[in-house]
Structure formats: structure tokens, C-alpha cells
Amino acid sequence: MINAKIFLFLSHNNNIIFIIVLIIAFSYFLFNCIRLISFLKIGKSEKRTDQPFDRIKKVLIIAFGQTKLLREPLAGLMHFFIFWGFVILLSAILESIGEGIHPQFSLSFLGWSYSPLVFAQELIALLVVISVLVAFCRRLFNPPKRLQGHSSLDAYFILGMILFIMLSMFGQNTTKMLLNETHFTNLRFVSIFAIPIFGELSKGTLEVLYHIFWWIHIGFVLLFLNYLPFSKHLHVLTSIPNVYLSKLTPKGSLKPINLSDETLTKFGALDVEDFTWKQLLDGYTCTECGRCTVSCPPNITGKSLSPRKVIVDLRSRLMEKGPLLLKKIDISQPAEIGSVEKHPLQKQLIYDFITEDELWACTTCMACVEECPVMIEHVDTIVDMRRSLVLNESRFPKELQTTFQNLERNFTPWAFSSASRADWAEGLNVPLITNKPDAEILFWVGCAGAYDERAKKVTTAFVKILRKANVNYAILGTEEKCTGDVARRAGNEYLAQMLMMENVSILNKYNVKAIVTTCPHCFNTLKNEYQQFGGNYEVIHHSDYIMKLITDGKIKVAKKLEAKITYHDSCYLGRYNEIYDSPRQVVSSVSSDGILEMKRSKDKGFCCGAGGARMFMEETVGKRVNHERTEEALALNIDVIGTACPFCLTMLSDGVKDKGAEKVQVQDIAELVANSIE
């Protein structure tokens, strides 16, 4: 009797109660959204709203097309259906909210489009239920490596809420069809299957069940909404904006520090307020899916770096420090006697959350960025923290001390005199641009190509190709300096900019228009970063250039190499600049058997371990990255490993030697072609 009276009261006042609940739920949600946005204001300003059409295109492809997630087919499809389920089922949620305000509300006023919408709601809800159940089973019985050892309670709670939202919607539709024949339609092909379960119930009981299902449905929707700001699933709200606001400048470019700004008192990023608001938004958007970490070469080989942890730590630190910064808490008073706990404002992101070892383990290979489904920019964030260590505190691995000194004195990372930079060309009659100002192409040799004994063979091989094709080229000779790549990725922005501006001055003096280089690191820096300092050139990697010479018939392959060949993708050529096909085409042009692909290739390629200035640092923790890559190549039982980068050439040559597989040759594509042309 009491229950009947309660139900009678609720049914008569359902709309009033719901409106109150709705106002409270949305007010609390809005309050927390404003709170989170206020924390972003702590970050530095950054323009991320230019080129709106390009940004919308990226949203359509990555956010709505789910292209990054679909790189992992099973998980990608599950997420695809869940994502589109929420997009399409927003209409069902809006209809339920409308019914809560006015019982007769319906979207049927949409006319002819309402019927396909009803069918789509049923279909997508079914796919969401299946996806959620598969996700539950996958996490429970066969979790992927990226989720192993990582807390899943939040994920289970979210999946559970999604399941209840879907099932209660089906229950709501079924009871509604039984109560009102006008709603009875075969388009609700899933809900109709539950009719036999409720078909014998009285109208009064069906009304009770309908209201129960309705309240469960809308209750979990509002609970889900208000849980998001406190969950890693906050990405439901931030992922689309984060994709829209992702950088449109070349992937391989780092944002420069304005060193001429006399108001700057520190450089790089030591704590949350030193990052831009967009980098802080990255923290909100991280789904903790682990795709970045399981693709990270240092992490795979046993180092402490986890790109996921770096971004999650950034978010955790913002949640801790953000409220205190906004309240302007005073910490000038000493800590209580006997207290060993630091005040949150006395902590720092680096040291208290992220260690130096984590930051210096990064090879800047961009695998984490490539795999991230929500366009988080891990590498830029890591380099900003390196900048803080180097420029503010002069803290960096001891090996880099020598590297920096060499760059300052000799303009090369190695301890060779700048006066000997062109010694490799002795006897080869290589023209200098001072003597040949009308050269169509400037051959940028690079430090490795000028000084490293192994890389010098690649340089001479490329010169042979240029001559054979009668290319009008020249080199800078001793006027060439390191492009600054090593210094910049190591966080020494001051030294990097010094080298860059000096090179730009020299290049502009000779009115250089087109540059060809055999080094992807030089290629990336010259092409994507020199324009920041007034250097605008057509920069071509030798893989593209050689392929064009072959296509144009300027060089002809006279003999094919009868050997099994695999090709290793340089990170700075591949993921940074999306050059995958031309080096393979070059190798295929000289190979009688084509190319055997490694499992991790192209945009999933595995780093050699030399990027991010790691070429000049010792690797003492875990397995060597180059050993991991070499083993993958050797497993194919090949005769030759093809490369298109002097760093990769060195690392893989060392790997082959360390593995006792000297019979396997490691050769640059220029060497393969030079040995095969007429």
C-alpha cells in the first residue's frame, strides 16, 4: 500500500522531480567542467585555432573515422561501435530527457527521417552491447599487453554503466510498445524480442516497469556524465577538441623558444605552469590505453620511460597543483616540526613525479604520437622538460657534455676539427658552392657523412650517383655546420638556434634553393625547422632524389643484387616525414628478389635507438634498442639490411656485429644503387 502510494506520488510528480534532478545534475557537471577549464588557464598561451578547415578534416578522419584506433582491429572496432553508439544514441537520450519534461514528447516530428533513426538506434545499441561484452571478456580473460598490470576498475565501471544504459533503453522501448500501440514498430527489431517476457503483464505493472527502465536509463546517463570529470574517460569530452586543436605544423618540428625575450626567467618546462594550455589539455585527454607505451622502444627494451606515465603524471600534478595556484596559497611558512611531507606547491613535476632517467631514455622516435588515438604530443612535452633540465639547471647525461662542447667548438657532435669537414672529398673533384654558385642542388653532407668512416662510404656512393646522372651540384665544404638536430632534441635550444641561424645565414648568402641530404635528421631539421629562422628551401631526402633519377632515366640499373633484403625505416624519414615508398622502390629497383618486410615496418617501424641525441649517450639499462631491431631483421634470414640514415646504418652495423652475424651486410640505399648502375 505504501509502495503504491509512493509510486502514485512519483508518477504524478515525475516531471517535476526529473526537472529538479536534471538541473542539479547539469549544474554539477557544468561546475566541474568550469573547474577543469580554469586549470588550463594556468598554462602558457598558444595559438591552436588557425586553419579551421584542415582541423575539421582531421577531426572527421581521426575522431569520427577512428582511424588511429582501427590500427588495432579488434579493439578499434569495439571502440568504433561504442563511439558511434553514443553519437547516434544521443537522439534517444534527448528523447528520454524530453519525455521527462513532457510525457508526450517524441522526435517523431522529424517526419520521414524518424523511422531510419529508430532503426539506427536499435542497431547501434545492439552493436554497443556486443562491444561492451567483448571488452569485458577481453579485459578479464585475455587483456592485451598494454593493459596488463594497469588498473581496470575505472574501465569496468564505465563499461558497466554503458551496458545498463543500453539494456534499460531496450526495456524502456519494449514496455512503451506494449503500453502504446502507436509505438509498436518492427523497426525496433531488438526491443521487440523482449515482448514475450512482459507480454502477460497488466497495464499497471507495465507502467511501473516503464518508469523503472526510464529512470535507470536516464539515471545512468546523468551519473555517467558527472563521473567523467573525475575519470580517465574524461576523453569522452576532450578527445574531439584535442584532435581539432592538435598541431598542424610538420610533425617533425619543435616549437622554438624566443631566446631574445628578456622577460623570460626560465626555459622549458619544470612544472605544470611552464607548459602550454594545450599540453595540459593532453593530460585531460589521455585515455590511459597504453598504445603509446607498448610501442615505445625504450620501454620495450626495459627502460623506465613510459609515455603514458609521463602524460598521466602531468595530469595528476595539474589536479594537485592547479587548485592551489588558483587560490594563491602561501607556502612561505616552514613545514610543521617533524613533517617530512612536502607541501604540494613545493613539489615539482620533474623529480617528484617524473625522473630524469625517464626523460633521457626517449629516442624521440614518435611511435607514441603515431599510435595515440587522441593526438597527444608526447615528444614535444618530453623535449620541453629536457630543455628545463639543460637550460635552467645544466643537468644532462655526462656524455652530452662532450657533445655540446664539440658542437660549440667544432660545429659537429664529434671531436673533429671543422677544418677537416671536407676531407672526405679529397681526390673526388667535388665542387664547392663558392666555385659553383649556379649549382642547381646543394648536397648537404651532414656531420656523419663528413666524419664517420662508415657513413663517408655512403657520401661517396651518392656523389657517384650524382655524377652518373650529370647533376649540377655542389657542397658547402667547411662552411657547413651541424644542423642543430642533436642539440635541439637534447634540450639545448640555445646551442641549436645558434647553429641553425649560422647555417641559414650561409645558405641565404649563396641563395640556395634546393638541398639534397642523405641524413633524415638533417633532412627533417632543414625542411621543417629552418623556416622558423628564415630558411625556406626545397629539401629532398636522397631516397626521393635517387628514385626520381631512376624514374627519369638519368641512371640505369645494370645489374640486380641477388640477395634477400629487408629495409629498416628511419623514424625521422618515416613517421616524421611519411617517406616510406621511395626507399623501398629504390631497393626494389636493384634487388632481384624484392624486399622482405619486418613485422614492425613503415609507420609501425621500430627505432634503431639513436634518435633524440641517444646516439651520443650510453645505453646501460635493459636491452639495447639496436639489438632488439637487429634481431627482428636477422629473424628473416636475410643477406642485406637496407637503410637510408647514417645513424641507423651505425646502430644496425653494431647490432649485426654484436650478434655475430657479420655475414649480413648493412648498406645504405645509395650504396646499393651505386654498386648496381652502369
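The values are calculated or read from the model by the stated rules, or taken from the named source; none is laboratory data. Please read these numbers as outputs of a predicted model, since none were measured by experiment. Counting neighbours? That spans all protein chains shown, and the Cβs are built from the backbone with ideal geometry, glycine included. With ligands, DNA and RNA removed, areas are computed over all heavy atoms of the protein, side chains included. Shrake-Rupley method; radii C 1.70, N 1.55, O 1.52, S 1.80 Å.
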Residues of segment 429-473 being of a type in the set (A, V, I, L, M) and under 26 Å from Cys648 (Cα atoms), in sequence order, are Val430, Ile441, Leu442, Val445, Ala448, Ala450, Ala455, Val458, Ala461, Val463, Ile465, Leu466
Just give me the residues in segment 584-598 being open to solvent by less than 20 Å² (accessible area, probe 1.4 Å) and under 24 Å from the mean Cα position of the chain (by Cα), in sequence order.
-> Met598
Any idea which of (1) closer than 23 Å to Ala63 by Cα; (2) in a helix (DSSP H, G or I) is the one Gly252 doesn't satisfy?
-> (2)
Residue satisfying all of: in segment 486-532; in a helix (DSSP H, G or I) and acidic (Asp, Glu); most open to solvent (accessible area, probe 1.4 Å) among these | Glu502
Count, please, the residues in segment 461-473 that happen to be touching an Asp or Glu at 6+ places or on another chain (Cβ under 9 Å) and not charged (D, E, K, R).
-> 6
Unique match (being modelled with pLDDT of 95 or more, open to solvent by less than 30 Å² (accessible area, probe 1.4 Å) and not hydroxyl-bearing (Ser, Thr, Tyr)) among Asn226, Asn242 | Asn242
Starting from residues that are at pLDDT 95 or above and among the hydrophobic types (A, V, I, L, M, F, W, C), keep the ones in segment 293-311 and report whichever is surrounded by the fewest Cβ atoms within 10 Å (Cβ to Cβ).
-> Ile300
Among the numbered criteria (1) open to solvent by 50 Å² or more (accessible area, probe 1.4 Å); (2) β-branched (Val, Ile, Thr); (3) over 19 Å from the mean Cα position of the chain (by Cα), which single criterion is violated by Thr67?
-> (3)
If you check Met598, Met615, Met651, which single one turns out to be in contact with an Asp or Glu (Cβ under 9 Å, 6 or more places away or on another chain) and either at positive phi or not in a strand (DSSP E or B) (or both)?
-> Met598
Before we move on, is Thr287 more than 21 Å from Arg488 (Cα to Cα), under 21 Å from the mean Cα position of the chain (by Cα) and in a loop (DSSP other than H, G, I, E, B)?
-> yes
Given the conditions (1) touching a helix residue (DSSP H, G or I) at 6+ places or on another chain (Cβ under 7 Å); (2) within 21 Å of Ala367 (Cβ to Cβ); (3) at pLDDT 90 or above, report the number of the one that Cys289 does not fulfil.
-> (3)
Odd one out for Phe141 among (1) over 30 Å from Ser108 (Cα atoms); (2) modelled with pLDDT of 85 or more = (2)
Out of Lys247, Lys278, Lys255, which single residue is open to solvent by 60 Å² or more (accessible area, probe 1.4 Å), within 27 Å of the chain's Cα centre (by Cα), of a type in the set (Lys, Arg) and at pLDDT 90 or above?
-> Lys255
Across segment 646-663, which residue is farthest from Lys464 (Cα to Cα) among those that are open to solvent by less than 10 Å² (accessible area, probe 1.4 Å) and touching a strand residue (DSSP E or B) at 6+ places or on another chain (Cβ under 8 Å)?
-> Val656
Within segment 455-485, track down each residue that is open to solvent by less than 20 Å² (accessible area, probe 1.4 Å), on the phi > 0 side of the Ramachandran plot and outside any helix (DSSP H, G or I).
-> Gly484
Answer residue from segment 91-107, given it is touching a His at 6+ places or on another chain (Cβ under 9 Å) and part of a helix (DSSP H, G or I) and is surrounded by the most Cβ atoms within 10 Å (Cβ to Cβ) among those | Ala92
Lone unmet requirement of (1) part of a strand (DSSP E or B); (2) under 21 Å from Ala490 (Cα atoms); (3) of a type in the set (A, V, I, L, M) for Val666 = (2)
Considering each residue of segment 429-446, count those that are surrounded by 13 or more Cβ atoms within 10 Å (Cβ to Cβ), free of Cβ contacts under 8 Å to residues at least 40 places away in the same chain and not basic (Lys, Arg), and give that number.
-> 1
When residues of segment 185-214 are filtered for being part of a helix (DSSP H, G or I), surrounded by 13 or more Cβ atoms within 10 Å (Cβ to Cβ) and out of contact with any Lys or Arg (no Cβ under 8 Å at 6 or more places or on another chain), how many remain?
-> 13
In segment 538-576, anything part of a loop (DSSP other than H, G, I, E, B), open to solvent by 30 Å² or more (accessible area, probe 1.4 Å) and of a type outside the set (A, V, I, L, M) is listed as Asp552, Gly553, Lys554, Lys556, Lys559, Lys560, Glu562, Lys564
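Okay, residues lined up against (1) in a helix (DSSP H, G or I); (2) crowded, with 16+ Cβ neighbours inside 10 Å; (3) of a type in the set (Gly, Ala, Ser):
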position	(1), (2), (3)
Ser38	yes, no, yes
Gly85	yes, yes, yes
Leu89	yes, yes, no
Phe109	yes, no, no
Glu122	yes, yes, no
Given the residues Phe353, Phe396, which is the only one that is under 25 Å from Arg624 (Cα atoms), among the hydrophobic types (A, V, I, L, M, F, W, C), in contact with a helix residue (DSSP H, G or I) (Cβ under 7 Å, 6 or more places away or on another chain) and open to solvent by 20 Å² or more (accessible area, probe 1.4 Å)?
-> Phe396
Flag for Tyr580 being open to solvent by 10 Å² or more (accessible area, probe 1.4 Å), among the aromatic types (Phe, Trp, Tyr) and farther than 19 Å from Ala633 by Cβ = no
For residues that are outside any loop (DSSP other than H, G, I, E, B) and in contact with an Asp or Glu (Cβ under 9 Å, 6 or more places away or on another chain), tally how many sit in segment 399-417.
-> 1
Looking for whichever is among the β-branched types (Val, Ile, Thr) and under 33 Å from the mean Cα position of the chain (by Cα) here; the options are Val504, Val463, Val471. Which one fits?
-> Val504
Which condition breaks for Leu359 when tested against (1) aliphatic (A, V, I, L, M); (2) modelled with pLDDT of 95 or more; (3) touching an Asp or Glu at 6+ places or on another chain (Cβ under 9 Å)?
-> (3)
Inter-residue pairs, beta-carbon under 9 Å, first in contact (Cβ under 8 Å) with a residue 24 or more places away in the chain and in segment 191-202, second among the polar types (S, T, N, Q) and surrounded by fewer than 17 Cβ atoms within 10 Å (Cβ to Cβ), 6+ apart = Phe198/Thr205
